[in-house]
Amino acid sequence: MTEKQVAGAIRRAGARFSLKDRPAAVEYAVRFLAGFLLARARIFGSCAPFGAAFAGACVPGAAGALAALGAAAGYFSAGSFVWALKYVSAAVLIRAALRVFRATSLGARPWFPPLVVFSALGIVGFVYVSDAAWALTAAVHYAAETFLAAAATYFYAVALAPEAPEAAGKTRRRISLLILCCTLLMSAAAWRLFRVLSVGRTAALLIVLVCAWRGGAPLGAACGTAIGAAMDMASGSAPRFLLLYPLAALVSGLFARRGRLPFLLAFLMTNSVGALWTWEYAGGVSALYEAFAASVVFMALPEHVLAKAAALLPAPETRGAGEYRGYARERVDLTADAFESLYAAVHAAAGGDAADDDPASIFDAAAETVCKSCKCARRCWESGYAETFDVMNNVTPRLLRDGAVAPEDFPEPFAESCGKLPELVSVINAETRTYLTRRSFRARLTESRGAAYNQYADISAVLRSLSDDLGGGITPEPGLERRLQRWLRGAGAEASASVFRMRGGRLRAEIGGPGAAAVRAEPEYLDKLSAVLNVRLCTPEARNSPERLVLLEAEPLCADVGIASLRKSGQTVCGDKGVYFRTDSGLLCALLSDGMGTGEDAADVSGKTVGILERLLRAGVQPETALRILGDLMLLRNGSDTDCATVDLLCLDMFTGDTRVYKCGAAPSYIKKDSSVRRVSGTALPAGLAGGGRFDCTKFRLPPASFAVLVSDGIAGEGGDKWLASLLSAYTGRDPEALARSIVEAAKLRTGGADDMTVLAVRADERP
């Protein structure tokens, strides 16, 4: 083999190692090193249970075998052969038992490895404690070492396992990681620089500093307590660090928001006072040097390194929200029930005054006035009652249709026999006018009452929707919320956070407090927060304030909207009104209204119509309920039959593309995809002319790269809309505003501006 061939083989082997075996090799090295370090950690002077516990916590396989080898190397390097043989023998028994039982159901139980470690170390240790004649100290150390080894095995196994999704599992894993860290530091506590500076205790102080800096006084004190206890166990001295570390973290944590320098000064001063207090114990000078060294390292750490370290800290839990939501939902449900009962009660009583609506009352009143004094009354209304009834019955349709009759509308025999026909006809016509007026008034009154009563049902529907949101409509995301809280802590932002999914599944996050402005000031903060929550985020329209930041999951679709309008010739304002907006649920609403007539009155009606609908839709009211509320409300305030307006509403779901077009007396709309054009029309009356909020609804899916065009009735005019369909079919641009302007200009040329004209064009596309 030539030199080139050898070099090529080496490069290929190196490439295979770096691409395939590097992750496993790193894991093996970490397991070996951890076993080595834990084996060197001693408690009670001569006990070292943590190396054997780590060997028992690793699952059977190469990683577990290397952990046991590392522990064996650590034991032999830390003490005499006889002392190390005890723990190496226990490690061999542990690995053998785990391998034998790994394929059984017993081996899969979480309590089995701690039991194996307890048994193995107990059996081997029994020999050693017997050689010591079961002296009290040796027996106590033997029992404590055995139980500590089993407990450490359990926590090590939790720390090495994949992170659990539930909150309880994450908390247990963080505690286990802290225990693993403490025992590793116990091993490093024996390493000294210049015979006075402990490497392990300096690293321990650095961890306490980070916890107090990012987690505040409570978390810093808790971490200081655990690490201080571990350092005291490693040193075998009186509980000195158990006092120093948590006290320094507690005091300095109060200055965590004042800057690094005040924070470190508080830490050093408190640690120095504690060191002077415990000066009589060995290592008083070392405590001062170690605190100073840890402070120097902490001061030199970049902010992004501290932020990454803070992301590992637990986030505060939010409690009680479910109970509060349940209470609020119950109250909302009771209110909805009350409005529903009220609607049922008034609706049942609404038809109680419809009496005296029979057309026969017209002829009864006429006979009472004219025929009572006629000498032929007995003949017409007694002996000839059947013939008279037929005559009156035959003229009733014409009477109700035209509102009046003439003498020649009666049969000739009846006209010749009746001596007061002209007077009878005059009274019949007068009574008919009264009857028709009364019937029209009653119909309008009934319709107005129905519109008023419908408001109770609509309010009940809105409250039911709110109750659904408080119940199952809103889904909390505690895992994402904790991740966001950890990121905020790492960024130094003093703010609260909540993350949940709204009805429909859209993710929503809210950041509140003084830190919200700091988050907004971060460069590319949306990209950073999107990475934290694993979803692309956007901000809603005009919803944020200096101390509140609202974030929503970005929709997969995007839309451009263009509006063009032209007032009628001779008018100062346009009577049409068009708006568009997005709701928090991801719904794009395009709304066009044409007030009856032209000028300021029409503009006032269409503006109020659009304003009412926009507020209802932005509040989360369903479009069908919002249109019913609008229709009933406008009917109640319409006193002259002119206070009405058309409604053309397009609702586009920006997540799915599902589209609904609602029409109340509006002109046809048009859907354009490439060169094909679809016409969408309806037959419902404008809002304000009919009760019950009647509307037409057309459902379809708006494909990407297509247009939806809403127009007022002034665009097509009286000449039809074939020209408009041709214009849309021929349009090849992508700008909806340019399309809207071209339609208005073409309509002006055709009609001369005889009416108000407004076009609202929407182009949907996939988000880049």
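The values are calculated or read from the model by the stated rules, or taken from the named source; none is laboratory data. Just so you know, these numbers come straight off a predicted model, no measurement behind them. Cβ placement follows ideal geometry from the backbone for every residue including glycine, while neighbour counts extend to all protein chains displayed.
Listing for the model above:
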{"item": "Residue in the range 611-627 that is touching a Pro at 6+ places or on another chain (Cβ under 8 Å) and either of a type in the set (D, E, K, R) or part of a loop (DSSP other than H, G, I, E, B) (or both) present", "result": "no"}
{"item": "Residue within the range 355-368 that is over 26 Å from Pro413 (Cβ atoms), modelled with pLDDT of 70 or more and not polar (S, T, N, Q) present", "result": "yes"}
{"item": "Subset of the range 694-743 [within 40 Å of the chain's Cα centre (by Cα), in a loop (DSSP other than H, G, I, E, B) and under 30 Å from Met634 (Cα atoms)]", "result": "Arg694, Phe695, Ser712"}
{"item": "Some residue of the range 659-677 being crowded, with 17+ Cβ neighbours inside 10 Å, farther than 15 Å from Leu591 by Cα and under 36 Å from the mean Cα position of the chain (by Cα)", "result": "yes"}
{"item": "Answer from Arg582, Arg520, Arg615, Arg548 - the residue that is touching a Leu at 6+ places or on another chain (Cβ under 8 Å) and surrounded by fewer than 17 Cβ atoms within 10 Å (Cβ to Cβ)", "result": "Arg520"}
{"item": "Entirely in the range 521-594, the strands (runs of 3 or more DSSP E) that have 3 or more residues that are within 19 Å of the chain's Cα centre (by Cα) and without any contact (Cβ under 8 Å) to a residue 60 or more places away in the chain", "result": "548-553"}
{"item": "Residue list for the range 364-392, restricted to those being under 19 Å from Arg439 (Cα atoms) and either free of Cβ contacts under 8 Å to residues at least 40 places away in the same chain or not hydrophobic (A, V, I, L, M, F, W, C) (or both)", "result": "Asp364"}
{"item": "Flag for Thr437 being at pLDDT below 80, within 60 Å of the chain's Cα centre (by Cα) and either part of a loop (DSSP other than H, G, I, E, B) or among the polar types (S, T, N, Q) (or both)", "result": "yes"}
{"item": "Arg483 being in a helix (DSSP H, G or I), crowded, with 20+ Cβ neighbours inside 10 Å and either of a type in the set (Ser, Thr, Tyr) or over 12 Å from the mean Cα position of the chain (by Cα) (or both)", "result": "no"}
{"item": "Selection status of Asp756, touching a strand residue (DSSP E or B) at 6+ places or on another chain (Cβ under 9 Å), closer than 24 Å to Lys663 by Cα, surrounded by 24 or more Cβ atoms within 10 Å (Cβ to Cβ) and in contact (Cβ under 8 Å) with a residue 40 or more places away in the chain", "result": "yes"}
{"item": "Inter-residue pairs, beta-carbon under 8 Å, first over 21 Å from Ile563 (Cβ atoms) and in the range 710-737, second assigned to a strand (DSSP E or B), 6+ apart", "result": "Ser729/Lys672; Ser729/Ser676; Ser729/Val677"}
{"item": "First in the range 473-490 and farther than 12 Å from Glu510 by Cα, second anywhere and buried (at least 16 other Cβ atoms within 10 Å of the Cβ) and among the acidic types (Asp, Glu), Cβ under 9 Å, 6 or more apart", "result": "none"}
{"item": "Residues located in the range 636-658, provided they are modelled with pLDDT of 85 or more and surrounded by fewer than 20 Cβ atoms within 10 Å (Cβ to Cβ)", "result": "Asp653, Phe655, Thr656, Gly657, Asp658"}
{"item": "Subset of the range 231-260 [touching a residue at least 60 places away in the same chain (Cβ under 8 Å) and surrounded by fewer than 24 Cβ atoms within 10 Å (Cβ to Cβ)]", "result": "Met233, Gly236, Arg257"}
{"item": "Residues that are under 22 Å from Glu431 (Cβ atoms) and at pLDDT below 75, drawn from the range 370-379", "result": "Val370, Lys372, Ser373, Cys376, Ala377"}
{"item": "Conditions (1) of a type outside the set (Gly, Ala, Ser); (2) surrounded by fewer than 17 Cβ atoms within 10 Å (Cβ to Cβ); (3) under 9 Å from Ala249 (Cα atoms); (4) touching a residue at least 40 places away in the same chain (Cβ under 8 Å); number of the one not met by Cys211", "result": "(2)"}
